Amino acid sequence: MLAGFVLSALVGVISNWAAPSTIVVIRWTAPLADEATSSLFSVPRYAVGPVGLGLTTRPPMGWNGFNRFQRSVTAAMVEAEARALVASGMKAAGYNYVNLDGGWNLHKRDSSGNLQPDPAKFPQGIKPVADYVHSLGLKFGIYASAGTENCASTSAGSYGHYRQDAAMFASWGVDYLKLDWCHIPFKNYPHAPRRVVSRVLAMEMADAISVTGRAMVYDLNDWMNTEPWSSAPGLANLWRTAPDIQDRYSSMLQNFTKNVKHFEHAGPGGWNDPDMLEVGNGGMSIIEYQSEFSLWAEMAAPLIAGNDLTKMSAITKSILTNQAIIAIDQDPLGRQGYPVSSIGGHWVLTKPLANGNRAVVLFNQTSTAATISTTATLIGLGSAAEYSKLDLWTGTMTETPGTISATLPAHGAVFYEIAEIMAPPFTS
Ligand code: GAL
């Protein structure tokens, strides 16, 4: 292998660290059984992902300031939100990442080429903020752009500095890196498709994280170029499947419908991400926020709250901390729920659970009330004389011979856990 080159057998791409615009695409004529034992090349193991796929055996949970505060988050705000995460019971419910999003750094690097935190927002830099978050028993996440700038062109991107930036993040104690896809200089690679360039850059940051030796959740935000649901499993811990969510029903619905179809690609280690939650931000009704939380949990989506935790209403808290629904999201089997039917916007979704039961969401996408029905057989259970039906929002348990049905308001959802009731053994 030539010095300075990196090979990924996953996609058959060689890239050159010394001259990043060099990409050689190889077409394999024979499959490589195991990249580590290939005799053709000496292949680094990090091509199968950064150090931490084991960090996300369950979908990550936490808080991020972007949905509520966009790029105006400061050190004091991060610390207040982290305190509120603990005080509100969110941490106890499983939310443990506190993630800084775009806007934390200046547009210029310093004379050594390091990213510079905005001194107006982070007067002591990032490390003391990360230390504070850690002191509360929480984890700390940060944002970078794979290109030359962030999307808003207000901050420097990491392009050409992946190893330097990853080393800096590791020295600050970063546990989670969201890598955004803005201002990628595709023109530097005139002969390679965007998909290949993006894939190589994603691998280069995976490598950069890996060489730091610090375990970081790797969150890829490139839903536009690479179809990450098929290319990112094994490389990243989660990947966006849809545009930026907005705090309104039509946007939430769009991100749900884009994410739900990639159910085959999610599983322990790597998750489809329909974007952060809007629950509690005020632009949707309680019914719509309950639908968002139900759909995200059914899809085993990362649960990253995006509201102001310091001013959270009781109803918002009760949605975000619903233990029964969080347990479905975090179910150890790690299956994403999939559609059984969606005719006319009347959705039936089923999610196999580790205990053999099914988590079922009936969701009325439409703007008129509707009755949605399915059966135990259609949602994938075996035949039984009776089934138990636990309503995960109300805690009410009932029995049914097999029909599962609910009358739902516009935009409403119900969430059930359905189990076969075993007949007692026959005794004469
Ligand atoms: C977008 C990204 C958002 C947020 C924002 C920050 O590109 O999709 O999730 O990170 O940048 O500027």
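Values computed for the structure shown
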read-out	value
Selection within the stretch 141-164 - more than 16 Å from the ligand (Cβ to nearest atom) and not in a loop (DSSP other than H, G, I, E, B)	162, 163, 164
Condition check for residue 248: open to solvent by 10 Å² or more (accessible area, probe 1.4 Å), on the phi < 0 side of the Ramachandran plot and either among the polar types (S, T, N, Q) or touching a Gly at 6+ places or on another chain (Cβ under 7 Å) (or both)	yes
Single match in 183, 191 (criterion: outside any strand (DSSP E or B) and within 16 Å of the ligand (Cβ to nearest atom))	183
Within the stretch 72-84, considering residues that are part of a loop (DSSP other than H, G, I, E, B) and modelled with pLDDT of 95 or more, the one most open to solvent (accessible area, probe 1.4 Å)	74
Some residue of the stretch 106-117 being touching a residue at least 12 places away in the same chain (Cβ under 8 Å), open to solvent by 60 Å² or more (accessible area, probe 1.4 Å) and more than 17 Å from residue 175 (Cβ to Cβ)	yes
Search result, residues across the stretch 194-231 that are open to solvent by 10 Å² or more (accessible area, probe 1.4 Å) and either among the β-branched types (Val, Ile, Thr) or assigned to a loop (DSSP other than H, G, I, E, B) (or both)	196, 211, 212, 213, 214, 215, 223, 224, 225, 226, 227
Count of the stretch 170-180 residues which are of a type outside the set (Val, Ile, Thr) and within 16 Å of the ligand (Cβ to nearest atom)	5
Residue list for the stretch 235-256, restricted to those being touching a strand residue (DSSP E or B) at 6+ places or on another chain (Cβ under 8 Å) and more than 11 Å from the ligand (Cβ to nearest atom)	235, 236, 237, 238, 239, 241
Subset tally (residues that are without any contact (Cβ under 8 Å) to a residue 60 or more places away in the chain, surrounded by 14 or more Cβ atoms within 10 Å (Cβ to Cβ) and farther than 21 Å from residue 345 by Cβ) for the stretch 388-410	5
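So that you can scan it fast, the table gives a plain yes or no per residue for (1) modelled with pLDDT under 95; (2) among the charged types (D, E, K, R); (3) touching an Asp or Glu at 6+ places or on another chain (Cβ under 7 Å); (4) on the phi > 0 side of the Ramachandran plot:
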position	(1), (2), (3), (4)
165	no, yes, no, no
181	no, no, yes, no
186	no, no, no, no
210	yes, no, no, no
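The values are calculated or read from the model by the stated rules, or taken from the named source; none is laboratory data. These numbers were taken from a predicted model, which means no experiment stands behind them. No Cβ is skipped: glycine too gets one built from the backbone with ideal geometry, and neighbour counts run over all protein chains shown. Side chains are part of the model used for accessible areas, which takes the heavy atoms of the whole protein and leaves out ligands, DNA and RNA. Shrake-Rupley method; radii C 1.70, N 1.55, O 1.52, S 1.80 Å.
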